[in-house]
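The structure appears below as structure tokens.
The values are calculated or read from the model by the stated rules, or taken from the named source; none is laboratory data. Please read these numbers as outputs of a predicted model, since none were measured by experiment. Here the Cβ positions follow ideal geometry from the backbone for every residue, glycine too, while neighbour counts run over all protein chains shown.
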Amino acid sequence: MKKIIVSIMLIAVSMMAMQKMQNYRAVPMKKATLVKSGKEKMFCSVCGMTLPMFYRTNHAADHDGIHDQYCSVQCELTDQLINGKKLTNFRVVDNTTLKFIDATTAYYVVGSKKPGTMSMISKYGFGTKAAALKFQKANGGKIMNFDQVVSLVKKSLKHDLMMIHKKQAKMAKMGKMIYKKMCKPTDKKFDSIASAKAYLKSSKICGKLRGKKCQMVGLYLAKRN
């Protein structure tokens, strides 16, 4: 009996640890700074993921007087290098204060045991070297500056995007099934996943669709012909 109780306790602790690791990037809505405007402000400008859920890896930049916000440096550089946006004023969330800081002066801990966003290699920003060293000591990884992070992302971006697109294609198929089952039909066209998710939220054509299901349907609507 004691062995069974101990086993159950170990499983519970293990599950709690996994959940904590998976949720590390998320912060409560009241602690997240959203710089975008309009109905799409909650969602990454590239992949459409909900920004507060990945807030600790959030980045921001400007183009043509517009503020964009991204779930990760991967999406930010995808917007610049693949989508051709001329981005300026690069910012990253400081993992100590949870405020945006100048990315070009930030200290990044790269490759720690904390989860990455849109990449297997995690990248977390800090406003001071002391804070970065403290995080590194607890979680591993290597300290880099923004230019080094950009160089690293550039080397793996095409491969990362290939993997992401495969995953998104599978999610879009699931989204189509959810849409057919749960949603009122619409012929509306969307120029991004973020705009599709914003429409789902405001129109409620799928009811109160949230989380992964909302992401899946948003992917389907944005990518359908």
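How many residues, within the stretch 69-128, are of a type in the set (Val, Ile, Thr), more than 12 Å from the chain's Cα centre (by Cα) and closer than 21 Å to His159 by Cβ?
Selection size over the stretch 69-128: 4.
From (1) in a helix (DSSP H, G or I); (2) within 23 Å of Val93 (Cβ to Cβ); (3) not aliphatic (A, V, I, L, M), pick out the condition that doesn't hold for Tyr124.
(1) is the only condition that Tyr124 fails.
Please specify each residue of the stretch 35-66 satisfying the condition of being under 22 Å from Lys213 (Cβ atoms) and among the aliphatic types (A, V, I, L, M).
Step one: filter the stretch 35-66 for residues under 22 Å from Lys213 (Cβ atoms), giving 39-55.
Correct list: Met42, Val46, Met49, Leu51, Met53.
Here are the criteria: (1) exposed (fewer than 14 other Cβ atoms within 10 Å of the Cβ); (2) free of Cβ contacts under 8 Å to residues at least 60 places away in the same chain; (3) among the hydrophobic types (A, V, I, L, M, F, W, C); (4) within 16 Å of Ser192 (Cα to Cα). Tell me which single one Met29 does not satisfy.
(4)
Starting from residues that are of a type outside the set (D, E, K, R) and touching a Phe, Trp or Tyr at 6+ places or on another chain (Cβ under 6 Å), keep the ones in the stretch 162-178 and report whichever is surrounded by the fewest Cβ atoms within 10 Å (Cβ to Cβ). Even if it seems obvious, please write down each step before you answer.
Taking the stretch 162-178 as the starting set, the residues that turn out to be of a type outside the set (D, E, K, R) are 162-165, 168-169, 171-172, 174-175, 177-178.
Of the ones still in play, those that are also touching a Phe, Trp or Tyr at 6+ places or on another chain (Cβ under 6 Å) are 172, 175.
Numbers: Ala172: 21, Gly175: 26.
Looking at the filtered set, the residue picked out is Ala172.
Out of everything in the stretch 59-68 that is closer than 21 Å to Thr105 by Cα and more than 13 Å from the chain's Cα centre (by Cα), what residue ends up being surrounded by the most Cβ atoms within 10 Å (Cβ to Cβ)?
Of the stretch 59-68, the ones closer than 21 Å to Thr105 by Cα are 59-63, 67-68.
Narrowing further to those that are more than 13 Å from the chain's Cα centre (by Cα): 61-63, 67-68.
Working: Ala61: 24, Asp62: 16, His63: 15, His67: 16, Asp68: 20.
Among those residues, the one meeting the criterion is Ala61.
Looking at (1) over 27 Å from Val92 (Cα atoms); (2) touching a residue at least 40 places away in the same chain (Cβ under 8 Å); (3) surrounded by fewer than 19 Cβ atoms within 10 Å (Cβ to Cβ); (4) of a type outside the set (D, E, K, R), which is the only condition Met182 fails?
Among (1) over 27 Å from Val92 (Cα atoms); (2) touching a residue at least 40 places away in the same chain (Cβ under 8 Å); (3) surrounded by fewer than 19 Cβ atoms within 10 Å (Cβ to Cβ); (4) of a type outside the set (D, E, K, R), the lone unmet condition for Met182 is (2).
Which of the residues spanning the stretch 32-48 are surrounded by fewer than 23 Cβ atoms within 10 Å (Cβ to Cβ) and hydrophobic (A, V, I, L, M, F, W, C)? Break it down stepwise before answering.
Taking the stretch 32-48 first, the residues surrounded by fewer than 23 Cβ atoms within 10 Å (Cβ to Cβ) are 32-42.
If the condition is that a residue be surrounded by fewer than 23 Cβ atoms within 10 Å (Cβ to Cβ) and hydrophobic (A, V, I, L, M, F, W, C), then Ala32, Leu34, Val35, Met42 are the ones that fit.
Considering (1) under 17 Å from Ser72 (Cβ atoms); (2) exposed (fewer than 13 other Cβ atoms within 10 Å of the Cβ); (3) free of Cβ contacts under 8 Å to residues at least 40 places away in the same chain; (4) not β-branched (Val, Ile, Thr), say which one Lys154 fails and leave the rest.
Looking at each condition in turn, Lys154 falls short on (3).
What number goes with the only condition from (1) surrounded by 12 or more Cβ atoms within 10 Å (Cβ to Cβ); (2) at pLDDT below 95 that His159 does not pass?
(1) is the only condition that His159 fails.
Please go through the stretch 199-212 and pick out each residue that is surrounded by 17 or more Cβ atoms within 10 Å (Cβ to Cβ) and over 14 Å from Glu40 (Cβ atoms). Reasoning before the result, please.
Within the stretch 199-212, the first condition is being surrounded by 17 or more Cβ atoms within 10 Å (Cβ to Cβ), and the residues that meet it are 199-201, 205-206, 209.
Hits for the stretch 199-212 are Ile205, Cys206, Leu209.
Hey, could you check the stretch 172-221 for residues that are polar (S, T, N, Q) and in a helix (DSSP H, G or I) and say which is farthest from Ala26 (Cα to Cα)?
Narrowing the stretch 172-221 to residues polar (S, T, N, Q): 186, 192, 195, 202-203, 215.
Going one step further and asking which of them are in a helix (DSSP H, G or I), we end up with 195, 202-203, 215.
Numbers: Ser195: 22, Ser202: 23, Ser203: 26, Gln215: 16 Å.
So the residue we want is Ser203.
Looking at (1) among the β-branched types (Val, Ile, Thr); (2) out of contact with any Gly (no Cβ under 6 Å at 6 or more places or on another chain); (3) within 19 Å of Phe126 (Cβ to Cβ), can you tell me which one Ile101 breaks?
Exception for Ile101: condition (2).
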